[in-house]
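Below is one structure, written out as C-alpha cells; comments come after it.
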Amino acid sequence: MDLTPAVPAPSDAPLKVAAVLGSNREGRFGPVVARWFLARAAGHPDLDVELVDVADAEPPSGRLARADAFVVLTPEYNHSYPAPLKELIDGHFAEWQAKPVAFVSYGGISGGLRAVEHLRQVFAELHAVSVRDTVSFHHAGALFDDRGRLGDPAAADAAVKTMLDQLVWWGRALRKARNLRPYSG
C-alpha cells in the first residue's frame, strides 16, 4: 500500500481525479455510467481521471491520497448509497481532506439524488468540499441502450460539463491552498 504523499503540482497542471465507482453488486449498472462519465471526462483538458472501483480487491489508499479531486459515481439503494462505498469512505480520512468531491448518481425515480444528499453530509464531516451541481440519471436503465450509449445525451452532457468546470475551479483553488499551507483539519 503506497501512502507516499503527492508531490505538489503546478497550479495549472491537470487535476488528478479519482472517479470512485461505488457499487459492487452482481449485475450492477455502475460500469455503464462509469464508461459514459470517463468518456466525457477524457475530453476535459484540465483533468487526469483514474477509476477507483470498490469491487477491486486492491486497496486504493495511494490513488486516493494522490488525487486532487474526486467524482463519486453512486447508485441509490434503499434511499441511500451502497455499503461498500461507505466502507471505502470511512476507511480513509486525510485522503479526502480539503479536496472537492462531485457526484454522478443513478437509480430509479430519484436518480440517486437521495444517496448524494447523504454523501454530502459524510464528506462535509471529512473536511471535503462538495461541488454543488451533479449529474443524475433517473430510471437509468431505460436511458442507455444495450451497448451502453445514452439515448439523448444533450442534458447529461451539459450537466457533466458544468459539474466538471466547477470541480476544476474548486480543485485548483484547494490544491493551491494545500500547497501554500497544508490543511490541518
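Only Cα pairs within less than 10 Å get springs; with that Gaussian network setup on the chain, which residue of Leu164, Leu15, Leu143 has the largest fluctuation? Looking only at Leu164, Leu15, Leu143, the biggest GNM fluctuation is shown by Leu143.
Amide H to amide H, with H built 1.01 Å from N, Gly111 comes under 5 Å of His139, counting only residues 5 or more places away or on other chains. For the stretch 148-164, the Karplus equation 6.51 cos²θ - 1.76 cosθ + 1.60, evaluated at θ = phi - 60°, returns couplings of x, 8, 6, x, 10, x, 4, 5, 5, 5, 5, 5, 5, 5, 4, 4, 5 Hz by residue, with Gly and Pro reported as x. Over all pairs of different C-alpha atoms, the chain has a mean inverse distance whose reciprocal, the Kirkwood radius, equals 16.5 Å.
Annotation: amide H-H contacts under 5 Å for Ser136 (H modelled 1.01 Å from N, sequence separation of 5 or more, or interchain): Ser105. Mean separation of Cα pairs under 8 Å and 6 or more residues apart, divided by the residue count, gives the chain a relative contact order of 23 percent. With a ≥ b ≥ c the root eigenvalues of the C-alpha gyration tensor of the stretch 1-106, is it rounded (a/c under 1.5), prolate (a/b larger than b/c) or oblate? Oblate, because a/c is 1.5 or more while a/b does not exceed b/c.
Computed on the stretch 64-152, with alpha-carbon pairs under 8 angstrom and 6+ residues apart, the relative contact order is 31 percent. Per residue, the stretch 45-185 exposes 49 Å² of accessible surface when a 1.4 Å probe is rolled over the protein heavy atoms with every protein chain present.
Coupling constants for the stretch 89-104 follow from the phi torsions by the Karplus curve (6.51 cos²θ - 1.76 cosθ + 1.60, θ = phi - 60°), and in residue order they are 4, 5, x, 9, 9, 4, 4, 8, 4, 6, 10, x, 10, 10, 10, 10 Hz; glycine and proline get x. Just to be sure I understand: with springs between alpha-carbon atoms less than 10 Å apart, which residue in Ala173, Ala128, Ala140 has the highest mean-square fluctuation in the Gaussian network model of the chain? Looking only at Ala173, Ala128, Ala140, the largest GNM fluctuation is found for Ala173. Just tell me which lysines come within less than 28 Å, Cα to Cα, of Lys176; anything on the same chain fewer than 8 places away is out. By straight Cα distance, Lys176 reaches Lys16, Lys99, Lys161.
Per-atom-type breakdown for the stretch 1-147 gives carbon and sulfur 52% of the accessible area (1.4 Å probe, protein chains only). The stretch 157-171 and the stretch 95-120 have Cα centres lying 14 Å from one another. GNM remark for the chain: springs join alpha carbons under 10 Å apart, and the peak mean-square fluctuation among Arg66, Arg28, Arg120 falls on Arg28.
The values are calculated or read from the model by the stated rules, or taken from the named source; none is laboratory data. Everything numeric in this text was worked out from a predicted model, so none of it was measured. Quick note on the areas: whole protein, heavy atoms, side chains included, nothing else; ligands and nucleic acids left out. Shrake-Rupley method; radii C 1.70, N 1.55, O 1.52, S 1.80 Å.
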